[in-house]
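Asks: Submitted below is the structure of interest, expressed as structure tokens.
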Amino acid sequence: MGTRVETCLRAGVAGLVSVLAGVAVGELVALPISGYASPYQAVAAFLVDHAPAPAREFAIDTFGTADKTALMVGVGAVLVVLAVVAGLLQSWRPPWGLAVVAVFAAFGVVAAVTRPTMEPAFVIPPLVAGVVSGVALVVLCRGAAPREEGTDGGWSRRQFIGAVGVLTAVAALSAVVARQAGRAGDIMAERLRLTLPRPTSTAAPVPAGVDVDVDGVTPFFSDNATFYRIDTALQVPRLSTADWRLRIHGMVDREITLTWDDLTAMPAIERIITLTCVSNEVGGDLAGNARWLGVPMRDILTQAGVRTDADMLLSTSVDGWTSGTPLADITDGRDALLAIGMNGEPLPLEHGYPVRQVVPGLYGFVSACKWVVDWEITRFDRARAYWTDRGWGVRAPIKTASRIDRPAPLSRQPAGRVVVAGTAWAQHRGISAVEVRVDDGPWQPADLAPQYSIDTWRQWVFDWDATPGQHTVYCRATDAAGRTQPEQRVAPIPDGATGWHSRVFRIEG
Ligand SMILES: Nc1nc2c(c(=O)[nH]1)N[C@H]1C(S)=C(S)[C@@H](COP(=O)(O)O)O[C@H]1N2
Ligand SMILES: [Mo]
């Protein structure tokens, strides 16, 4: 090979691998900062924002829905050309190659700081990318000049190829890791962009007073951020709407597979439903109430045509967890939902994004499958679910529960009026009464907040005329069928705790 050609080749390759390694390391550094800190994406987004309208329209017309991919490829192509140019310049007119890299890094910084989602740390990845590219470029170009008779400094061909190999490995490894980990950020970004369908039936209006006007009572609505979370997932599944499928099979007339578009094309309803975990001890807080948006599960079962001898829905999540739900509880008219929205947003990732089940009246472990991807219509005498295999119950309707939320346990209160208040639930039956007992005294009725629906919890308040000394206060609820919580303490396993909740208070004299 002619020395001149080889020199050009070496310079170009030096520029290319230096810049690619720098960019890949920059992407890697962006990961822990934020899902929006990618300098590559920032540059692409910056170009979109600042492109003249005709150019943008041309791109959309030409590439259609592939315009984003086209943009990313385009940015990559420009980067490759500039990298080669930087290598050539740095070899013959140093430090002009370095200057090209510096300009490009500066552009990355500008793009990063003008993002609407900007955080100060966003400047770090493009700076790191610039430094890595620059150092690699200087070192590699110094070695790029082939060793000639009478000159010094250049590397042997073997040395040069070795250095290029190392940088290529750095670039490839960083790119792979960044891409894998970036998926998580992609799903979060997808969730933020997602628009949910409008419900064809909205939840009944929430009457004033469902939240009693007393501090320290669990609010009627639980926030998505603080909603209790229970699952076996070590790593929250990352399932995009594009990848989501629900396969419905087993004892059905027709096997069907729903996509996200199929599901969101079906009429969705919005309902307020209180979810509860069977693992609650007496007085436990593993319960939450949210406004859910979803497609009635029975509508989907109807599409598939359930055979009459089936009695169980075995649902499987993308990470392999299973729940077994009585088909009767899904088809009896209650609002069992294949949910896609929670409190006006797409489901949070930890709560089952993009699709989960919510069945009023049943504990979560037999009904509330998150990240659900598979429905097998089967029979209880043929199939078992995750927790059933580990000693928990098979059918588990939620047991009536009531809890004292305030005052705090063991708190000191002045004698006189002490407001005791809390929450009670008996989903899909409803709460008809809550009573309070002080020490060995008589049971006295508490005031109930309005009942939103039989599927939601209900707050209660009791005005206690407290006398000095230490007192134990008990509560118990009665469901709409007239059954009062039993005193007998039973552990959560296998199908839910029973017993009265109590708290001890010191009343000052
Ligand atoms: N995929 C999956 N779904 C699951 C679980 C799980 O471990 N994996 N746990 C269930 C249990 S025991 C409960 S109580 C509810 C809790 O739902 P949340 O975390 O949204 O409050 O999810 C149910 N759905
Ligand atoms: Mo649970």
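The values are calculated or read from the model by the stated rules, or taken from the named source; none is laboratory data. Everything numeric here is computed off the predicted structure, so don't read it as measured data. Glycine also receives a Cβ, built like all others from the backbone with ideal geometry; neighbour counts cover every protein chain displayed.
Asks: Could you tell me which of the residues 404, 398 is crowded, with 23+ Cβ neighbours inside 10 Å and either away from ligand 2 (no atom under 16 Å from the Cβ) or of a type in the set (S, T, N, Q) (or both)?
Replies: None of the others qualify; the one that does is 404.
Asks: I would also like to ask the following. Considering only residues of the range 372-395 that are more than 8 Å from ligand 1 (Cβ to nearest atom) and aromatic (Phe, Trp, Tyr), which is surrounded by the fewest Cβ atoms within 10 Å (Cβ to Cβ)?
Replies: The qualifying residue surrounded by the fewest Cβ atoms within 10 Å (Cβ to Cβ) is 380.
Asks: Does the range 336-352 include one or more residues that are without any contact (Cβ under 8 Å) to a residue 40 or more places away in the chain, more than 19 Å from the chain's Cα centre (by Cα) and away from ligand 2 (no atom under 16 Å from the Cβ)?
Replies: no
Asks: Which residues, counting only those in the range 271-283, are more than 11 Å from ligand 2 (Cβ to nearest atom) and surrounded by fewer than 24 Cβ atoms within 10 Å (Cβ to Cβ)?
Replies: 272, 281, 282, 283, listed by residue number.
Asks: What are the pairs, 6+ residues apart or on separate chains, where a residue within the range 75-93 that is assigned by TED's automatic domain parsing to the domain that holds residue 142 has its Cβ under 7 Å from a residue that is not in a helix (DSSP H, G or I) and not aromatic (Phe, Trp, Tyr)?
Replies: Partner pairs satisfying both residue conditions: 91/145.
Asks: Go over the candidates 432, 453, 411, 502 one by one and state the one that is among the small types (Gly, Ala, Ser) and under 18 Å from residue 289 (Cβ atoms).
Replies: 453
Asks: Further question: Considering only residues that are touching a helix residue (DSSP H, G or I) at 6+ places or on another chain (Cβ under 7 Å) and in a loop (DSSP other than H, G, I, E, B), look in the range 95-117 and name the one that is surrounded by the fewest Cβ atoms within 10 Å (Cβ to Cβ).
Replies: Among those that are touching a helix residue (DSSP H, G or I) at 6+ places or on another chain (Cβ under 7 Å) and in a loop (DSSP other than H, G, I, E, B), it is 114.
Asks: Taking the range 238-255 only, how many residues are under 24 Å from the mean Cα position of the chain (by Cα) and small (Gly, Ala, Ser)?
Replies: 2
Asks: Also: Say we look at the range 217-248 and pick out the residues that are within 16 Å of ligand 2 (Cβ to nearest atom) and of a type in the set (Phe, Trp, Tyr); which of these is surrounded by the most Cβ atoms within 10 Å (Cβ to Cβ)?
Replies: 227
Asks: When you check residue 502 against the structure, is it in a strand (DSSP E or B), of a type in the set (S, T, N, Q) and at negative phi, yes or no?
Replies: When the stated conditions are applied, residue 502 passes them.
Asks: Looking for whichever is farther than 21 Å from residue 286 by Cα and modelled with pLDDT of 95 or more here; the options are 479, 463. Which one fits?
Replies: Going through 479, 463 in turn, just one is farther than 21 Å from residue 286 by Cα and modelled with pLDDT of 95 or more: 463.
Asks: Please enumerate the residues belonging to the range 228-255 that are within 13 Å of ligand 1 (Cβ to nearest atom) and over 18 Å from residue 191 (Cα atoms).
Replies: Selection gives 228, 229, 230, 231, 232, 233, 234.
Asks: If I filter the range 312-328 for residues that are more than 14 Å from residue 383 (Cβ to Cβ), in the same structural domain as residue 270 (by TED's automatic domain parsing) and either of a type in the set (Lys, Arg) or more than 13 Å from ligand 1 (Cβ to nearest atom) (or both), do I get at least one hit?
Replies: Checking the range 312-328: at least one residue is more than 14 Å from residue 383 (Cβ to Cβ), in the same structural domain as residue 270 (by TED's automatic domain parsing) and either of a type in the set (Lys, Arg) or more than 13 Å from ligand 1 (Cβ to nearest atom) (or both).
Asks: Filter the range 299-316 for residues that are surrounded by 19 or more Cβ atoms within 10 Å (Cβ to Cβ) and closer than 22 Å to residue 265 by Cα; which is nearest to the chain's Cα centre (by Cα)?
Replies: 315
Asks: Restricting the range 261-270 to residues that are of a type in the set (A, V, I, L, M) and closer than 17 Å to residue 195 by Cβ, which is surrounded by the most Cβ atoms within 10 Å (Cβ to Cβ)?
Replies: Checked the range 261-270; the qualifying residue surrounded by the most Cβ atoms within 10 Å (Cβ to Cβ) is 268.
Asks: If we keep just the residues of the range 356-371 that are farther than 10 Å from residue 317 by Cβ and in a loop (DSSP other than H, G, I, E, B), which is nearest to ligand 1 (Cβ to nearest atom)?
Replies: 368
Asks: If I filter the range 334-349 for residues that are within 8 Å of ligand 1 (Cβ to nearest atom), basic (Lys, Arg) and surrounded by 18 or more Cβ atoms within 10 Å (Cβ to Cβ), do I get at least one hit?
Replies: no
Asks: Oh, and also: Does residue 358 satisfy being closer than 18 Å to residue 262 by Cβ and hydrophobic (A, V, I, L, M, F, W, C)?
Replies: no
Asks: So for the range 423-432 (the condition being surrounded by fewer than 22 Cβ atoms within 10 Å (Cβ to Cβ), of a type in the set (A, V, I, L, M, F, W, C) and on the phi < 0 side of the Ramachandran plot), does at least one residue qualify?
Replies: Scanning the range 423-432 turns up no residue that is surrounded by fewer than 22 Cβ atoms within 10 Å (Cβ to Cβ), of a type in the set (A, V, I, L, M, F, W, C) and on the phi < 0 side of the Ramachandran plot.
Asks: Then there's this: Could you pull out every one of the strands (runs of 3 or more DSSP E) wholly within the range 372-450 that has 3 or more residues that are under 30 Å from residue 309 (Cβ atoms)?
Replies: 372-378
Asks: Can you confirm whether the range 205-216 contains a residue that is in a loop (DSSP other than H, G, I, E, B), under 24 Å from residue 387 (Cβ atoms) and away from ligand 2 (no atom under 16 Å from the Cβ)?
Replies: No, that holds for no residue.
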